[in-house]
Amino acid sequence: MKNSVIFGLVIGVLSLIWLFVMRATGYNLTDSEASPIEYVSVLIPLVGLYFGVRNFRDGELKGNMGFLEALIQSFKILLVGGALAVFAGIVFINWGNPDSHDTTFQSFSGRIFGALLVGVIMAFGVSLLLTTKSNKVD
């Protein structure tokens, strides 16, 4: 569980930093407008999941990990990272810049749902990539 908390925190903190970088560079998070630079944020969960699952495989499982073990570890990492990212987003909306009204909970919830879908797809991809133990079905 320690591994998933550490790499979940990495994802959450990087997501918070990304929100403030987006605002500082002048990109507003308005309702239905997504700027192309926002798609770079997909790398945050990808990097967190890859290194988190790889660390779990190499450290705790001695390099021998099945697909289901990798998938469960990925979901644990995403659960911690997602909870922290949602909390950071709420803080960002409410207290990040009180003079600016560039985002609403409705637009933010749409982006979080999109991030959830991307995270689940990445969890399957990273799990397939890092699986070392084959389970034969006879």
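Every read-out reported here was derived from the displayed coordinates using simple, explicitly stated rules and does not represent laboratory data. Quick caveat, the model's predicted, so the values are computed rather than measured. We place every Cβ from the backbone using ideal geometry, glycine too, and count neighbours over all the protein chains shown.
Summed over the stretch 66-95, residues that are of a type in the set (Phe, Trp, Tyr) and more than 19 Å from Phe108 (Cβ to Cβ) total 2. Checking the structure you have, find out if any residue of the stretch 44-61 is under 19 Å from Ser109 (Cα atoms) and crowded, with 17+ Cβ neighbours inside 10 Å. Within the stretch 44-61 (the criterion being under 19 Å from Ser109 (Cα atoms) and crowded, with 17+ Cβ neighbours inside 10 Å), the answer is yes, since at least one residue qualifies.
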